Each structure stands twice: as structure tokens, then as C-alpha cells.
Amino acid sequence: MAKFLFGLGVCLVAAWAQAPTAPVVNQRGAVNAMTLQPAPSSVAPGGILQIAGINLGPAAGFTATTSPLPTTIGDPPLEVRINNRPAPIFSATPALLIVQVPLETPVGPAQVIVRRGTENSRPARFNVTAPVPSLRTSNDAGFGAAGQIEGGTLRLTAAGMGLTEPRVNAGELPAEGEAATPRQPIRANVGGIAATVSAQLSATKVGEFAVEVTLPENSKPTDVVAIYLGNAAGNRVTLGAERVATLEYLPLPEAARAARGLTASDLRPGFLTLSAPRNAEGCWPSWLVNFAQSAILELPDCPAAANQNAPSPFQANPDSAALAAFAGPAAGAAAQGISDKLTVLHPANADPLAVTLPARGLAIAAAPGGNLNVVLATTPPSNVLVNASTGEVTEAPGAGGQPGGGGLNLANLQVDLGDDVKQLVAQPVNVGQGALAVLAVDSAASMTRAKLGIVNPAGVVQLTRSFPEPWLPLLAPVQTQGPGLPGGILPGGPGGALGAAASIIRGATFFDGQARIYWVLARNTGKTADAFLGFPLAPDAEPIIRELPAGTFVASCTPQTRLFNIDLTRRIAVSTGSTAETEVKNPCSAQAFAVLDLGARELATVPLPGQGEFSVSGNSANEMSDYVYGTNADPARQNRSDTIYVLDGVGGSTFRLDLPPEIANFTNITPIPEMTLLVAQANAQGSNVIGGAGLVIFDIENQQARLLPTPAGFAAVQLLSTFPVTRKLLARGTRTDPAGSQLLLYDMVTGDLQILPNPEGVSWVGQVPNTPPGPGQPPQQPAQPMQQFSPRSNAVHVMGYGANRQPAGIILVRVN
């Protein structure tokens, strides 16, 4: 038998050696093997990378059976190099390689090359992140249920948890009897409740960690499980695999029927507040809804907020189970702080936490670990951290400081670069070692001079570069109608001065960290040509000018000009038209893309197929998984479209997706990046009802469109939210006979539909339409929706309304 295996191996190696074709890696084929996140995918050092292509491995395949894993196999030798480091190989076939990312790989963009003998594949790119758990799921697809439950313990498999103590090198198993655990702290929550967790490197499977979670009492199969390394959460999974969603209902007590605002926990299903409008005392009468206790309880202590028109004073922060509000009434004007008391609601605590702050608070924001960051009305504004579980108050790191200093004044959007060039017109960019690249002009209203500046952490200007004649930054036009600029941004607080700068960005820039070149969209002073201008940060380097073809201009008729970053091929793209626009238009039309290759520094123009046009107004044009998409532009259609145009940033070509024949047009497009899909409301032929035909799904990667039709008995469908953890899509279906609405849950993988029945006495869910006005009466103001969708907890919270259109009770849907 041993001789037979050896002889067979010799034949396989000889046959492979005769193959003349070099390895080819799919440019979108380097993805996280555990999560299968679409490219550009993210993998941590020590994580497991899957590489798809052709001619990658031997025809008979290879699977490593011993430790350490090999970094070279076959003859001619096959090896995989990540940032020029050899990667341990788990398995190899002609179409697929599975390798481990070397632990020494630095965080940032990475290249993988497959080498066979003397022939190399083209590089494929992926992103290396700081250590973060990547969990294996039951379907090996990166979503849904994961692990096995034994007693009260959930056992999971993870990768990407970084260095261990003691250290175990990539490709190796820990020494026999040795428990190698992650160096970074690990924590977990199940259904939003903290759970005891441990992890150690597998003794039998290279690169994999055995994770054990002690399940909290009363955990449900629908609960979402999150594993954190430090404060970074891995792909979220569910505790079990229920086939259908479940619906629970709590009728409102009489007083709570006055509620007009709803705030739900981001992590804990069925934990939310209801609030009535602000009263004369400056309080929002509020109630805590806790489905775990089947209770709706009135809250004490006068919940309050700075925004007097807010529907609720409570704040639900991302990736936190807690809800929080100031305990009023307000002590004075909002700018002087609301209160030095805070009410924190947490599902792990039986009673609300009453927290005393060192000064009056201005705003509540998220902090790492699911905690709270409170901005205080001190001079200058300062921050404290509040532990959401215990109420402990500590000073926030860096509290009281202002970004920048010296020559940099981001709060006033100015930096003095000399020659009266001071006004910032683009977001400052970190170029390494704390230094910022800034773009400034003498006057945005009447620009004659512009400079690039490099400012060190102390705010000292270290370098300036003037724009070469006749070029100046291309500034987006000012919006002269519509809402004004957002207010209330607090320097040093949430958003800070950088947030203020971001709110009025008009220049379009991109920093290529690999080549250390700062790129700016520019227009000449005669407004007859546009270009990409590159400023190398190397000393005495001359600017690089890549002019667009004659008669081609950036589509500069929106309040912000978008540069699209195409990670996988190191390109940037911008929408282009045939006119040098200087005013905001809707729609703002484009006919092509200008694509700059950052490596070769070459510019290409890619037209749309069939001389099409697409709109770049608002969110009409966007980027997802290195595809840039936009809808066709036709003012006569009143914001409806019948075509999607797509730039494949990897292939460098464009294509169009047309509608199925039963659909006239679509509106309200929403991306689903986890599946590289777009979804929109589909409108039927000969009908003005939005969503009357159902929902249309555009599969960008497979270049297909399909219809999820309006179910029988419903007049229209409205998209509400998507739930990546289980690949579900939530919609609301409206009926005319009898009048009302229901929740609809679509499976985005199978297309299956679950129609959720309304509880008894409920006719409408989440929102009620306005009653048509009587003769001579003005139209009613739209009613405030009372609904919140929490993809991190796989939960839906909506108000149920009776046939009289008044609040009747709260509905909780646990999405499966």
C-alpha cells in the first residue's frame, strides 16, 4: 500500500509538472474563509484566507495532515505569498486554496500572490484587520446558526484571534498539554446579555480557536451571539436555527397610549422605551417595555433631552444593550447643560440606574464596550465615561482636549498655509505619525490660490505645496435651496471639530497611502478642463497631472463630489459628463466614469453601455464591494428609474441591469453589501402605486434582477430593513380591504415569504397613513413612525394600531 501511494503521488506530481498554464487568481477571490465576506474581504493575522481561481493546485488536490503546515507543495513548487511572506497551506485544488495569514502581517491593505515554479499570478487584494473573531457557522456560509450547545454551554469555532500566550507560530499547533489563549481580552454577549466566555487554540486544528460561552439564563434560540476581542466584534451568529420568525405582543396600559416616540435597545430584543411628547415641565412621560418580564412600567425622574422636539429623550447607542436619558427637568438652556443626573436602563439590572455626573451634561454618545460617553457643559467641553451596567463614572481618555493646535484650527475650519491661504475645503487626512494633510484656499467664494499642507500633531505646518497653474481644486457647488447645514456639533464632543469640517466638505480628495500621494480633483481657471492632481509627499517631488479627455468633465452638480475607492485594483473613479457644471441640479447626470490607476498613474474613461445616463444626485450613485452603481436619470419619471448602471471596478467595464417585464420602474434603492445586492420598491405597469409590484432584487455580482412579488391580498410593499445575521428582509404590506398593514419577512437566499399575522385588535403596524382631509381642510402632517429595527439583535419593535388608528400595543418580532 505504501508503495502504491508513493507511486500515485509521483504520477500526480509529474502530471502537474506538465501543466504549462500559470496560476490565475480571481481578483474578487481572496475572502475570509470563515465569514465569506465579499471582496474586498477582511481577515486578521492568523486568520484563514480562501483564494479562488484557476490552475492553483494539483488536479488531485492536496490537504495537509500534519503540523506544521507546509508553505510549499508539489513540483514545480507551489507557494502562496501574502505581502511577500510565505503562507501556511491547509489545502489546494485547481480552483481553490486555503491558507493561513501569517501572524506578522501588518494591518492594512494586503496582496496575495500564488507562485508555481517561476510563474506568478496577478496579485489579489484583501484587508488585514486587527485581531477579531471570525466564527464558523453551521452552513459554512458565515451567517445564521453556529456551534453546538451542550448543557448550558455553547461551543464555537473561531479564527483570527491573533497572538496567543504562550505564542504559537502560524501553521503550528500548541505544544501537547499547553493551553494557548488569546493575548487580548475576550468577552461575549448572548441576546444583549453579557456571558462568561473562554477561548484557546485548538490542539488538533491549526489556526482555529475553541470558544466556550456559558449561556445566560432564559436564552432563546433566536438570540444573537457576539464574540468580542478587545472591543472588536466578529461576525454575529444565532444561538439556534429556528425556521420561522416569532411574534410577541404586549397591550398598552391606558396612559401609555399617549406615546409618540419609541427607542429600542440595539442588542437586547424586547427592551425599549415609549415616550409621550414633552410636557410643560420639560419632561417626556416615558415607559419601559420589557418583554422578558411581560411588563410595561412608567419611568420616574423626568426623562429629558436637549432637543425639545425629539420624539423621545432616550438614546440607544450602537452595539450597546443600554438606554439612557438625562434626568430633568432641564436646569437651563441646552447650551449650559441639561442636568447632572443620568437615568440608565440596562436589561441586566432590575431597576434603573441613577447616575450623578460631575457637571451638567450636553449629549450622550456611544463608548467602547457598550458603555456611554457623556459630553459635559464645561469650558472647554469635556467627556466622561459611564459604565452602562454599574453606573460608574470615569474621566474619558483625552477629555477636555481640542483636536489640533498651533497653526491648525479645525473648529473654525482654518489653517494658515501662507499667502492668505487659510480656508479648509476638504476633510483633513491622516498621513501617518499623527500628521494631517489639509487642503486650503484663499476664498471658497472667489478662489484664486490653493495649497496642500502637512501639519504635525502639534499643529505646526511642516510642508506646503502650491497648485500648479492654471489648476485649482474643483469645489462642489453650494446648495442654495433646501435644508441648511447641520448644527449643534460640539468641538471636542461627538463628531468634534472634524465632524464640523466634514459637514461642509466641497473638495474631493484621496490619499494613496501605499504610494504616499495626495490626489485632488481639479479644474482649470478657464473652466475648460478637469484633472486628477497628485501631490507626492516626498521632498521636492513635482505634482502629477492626469487631465481628463477634452470635452469630459467631472459631474460636479451635487453638493458633494464623490471619489469612489476601488480597493481590489488600486483605482479611484469619478462620474463624468460633457459639461463643466457649476450649480446643483437634480438630477445631476453623468454618462461615463473616469478611472485612475494609482499604480500605473494612468487615466481611462469608461462610458456607459448604449449611450446611457445615470443620476449622481443624493444617494443615486454609490459604491458596494468595488462596484459603482447608479440609476438612470430622467426628470419626467419623478425620482423613478427603470435601469441600473454598474461600473465593475475590477474588470474596468460597465453593464446595465434592466427590470423584469412585469415591472414599470422602481424607487427607494437600498444596498445589501453582505450579499452584493440592491433592493428597491417595484412599481407595476400602468400603476402609480409605489411598491405595488413588490420588491425588485438586483444581484450585482451575477448581473441579474428578480422580483419578490406583492403577496395576494396586499396592495403594495414597503422595504423596512434587512437582517444580515440571518439574510432576511423585512417589509410592510398594506391592504385596502380591510384597510391595514402587516409585516412581511422574505428570505433573501431562498425567496421564501413569511406573512406575520397581526395580534388581535391590531390593524396597522409601525405607522398609520394620514386620514384624507375633508373639503376645504389642509393636508395632515405625516404621523411619526413608531418602529425600530435592530439588525445586531435580529429584532423588530413596532407599535400596533387599532382600526381607530390609535396605539394599541407593542409588537416584538424575533427574526430567524
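Couple of notes before you dig in:
- Thr379 paired with Gln806, simple spin-label distance in nm, labels 7 Å along Cα-to-beta-carbon: 5.1 nm
- The residues of segment 316-372 expose, per residue, 37 Å² of accessible area to a 1.4 Å probe.
- Chain lengthening between Asn688 and Ala141 when straightened (0.36 nm per residue, less Cα-Cα): 193.0 nm
- Nonpolar atom fraction for segment 686-816, defined as the carbon and sulfur part of the 1.4 Å probe accessible area, stands at 49 percent.
- Taking 7 Å steps out from each Cα toward its Cβ at Ile54 and Thr750 produces label points 3.5 nm apart.
- Annotation for Ala232 and Glu248: the two label points, set 7 Å from Cα along the Cα-Cβ direction, are 3.4 nm apart.
- Note on the chain: Rg/Rh from C-alpha atoms, Kirkwood Rh, equals 0.97.
- Estimated FRET transfer efficiency (Thr93, Asp419; beta-carbon r; R0 51 Å; 0.05): 0.25
- Per residue, the average separation of C-alpha pairs within less than 8 Å and at least 6 apart gives segment 679-816 a relative contact order of 15 percent.
- Per-peptide average of other Cβ atoms within 10 Å, ordering 427-434, 75-82 highest first: 75-82, 427-434
- Rounded Å value of the spacing that divides the Cα centres of segment 556-633 and segment 666-735: 25 Å
- Two-decimal Rg to Rh for segment 57-127 - Kirkwood Rh, Cα set: 0.95
- Only helices enter the 222 nm calculation for the chain: every DSSP H run of n ≥ 4 contributes -39,500 (n - 2.57), and dividing by all residues gives -1000 deg cm²/dmol, rounded to 500.
- Normalising the average separation of contacting C-alpha pairs (under 8 angstrom, six or more residues apart) by the number of residues puts the relative contact order of segment 573-692 at 16 percent.
- Summed over the residues of segment 63-119 and divided among them, the accessible surface reaches 44 Å² per residue at a probe radius of 1.4 Å.
- Solvent-accessible area, 1.4 Å probe, carbon plus sulfur percent, for segment 148-221: 46 percent
- Prolate/oblate/rounded label for segment 616-691 (Cα gyration tensor, a/c 1.5): prolate
- Note that segment 201-299 presents 41 Å² accessible area per residue, ligands and nucleic acids not counted, probe 1.4 Å.
- Estimated FRET transfer efficiency when R0 is 22 angstrom, pair Leu297-Ala365 (beta carbons, to 0.05): 0.25
- Rounded percent of accessible protein surface that carbon and sulfur make up, segment 577-640, 1.4 Å probe: 38 percent
- The length gained on full extension between Asn218 and Glu602, counted as 0.36 nm times the residue separation minus their Cα-Cα distance, comes to 132.2 nm.
- Gain upon complete extension [Asp658, Glu104; 0.36 nm per residue less C-alpha separation]: 194.8 nm
- Cut-off 18 Å (backbone N to label point 7 Å along Cα→Cβ of Ser721), residues of segment 788-816: 788-801, 809-816
- The separation of segment 426-453 from segment 741-816, counted between C-alpha centres, amounts to 47 Å.
- Debye equation applied to the C-alpha atoms of segment 678-816, log10 I(q)/I(0) at 0.14, 0.19, 0.21 Å⁻¹: -0.69, -1.18, -1.36
- Taking segment 736-755 and a reference point 7 angstrom along Cα→Cβ of Asn668, the backbone N atoms nearer than 16 Å belong to 736, 740-746.
- Taking only Cα atoms of segment 292-393, radius of gyration then Dmax in Å: 13.0, 45
- Once C-alpha pairs closer than 8 Å and six or more residues apart are averaged by separation and normalised to the residue number of the chain, the relative contact order reads 7 percent.
- Neighbours of Thr66 by Cβ distance under 13 Å: Lys/Arg scored +1, Asp/Glu scored -1, total 0.
- Once the Cβ-Cβ distance of Asn279 and Glu701 is raised to the sixth power relative to R0 = 35 Å, the FRET efficiency obtained is 0.10.
The values are calculated or read from the model by the stated rules, or taken from the named source; none is laboratory data. Keep in mind that this is a model prediction, so the values were computed, not measured. Cβ atoms come from the backbone with ideal geometry, glycine included; neighbour counts cover every protein chain shown. For the accessible areas, the whole protein counts, side chains as well, though only heavy atoms, and no ligand, DNA or RNA atoms are used. Shrake-Rupley method; radii C 1.70, N 1.55, O 1.52, S 1.80 Å.
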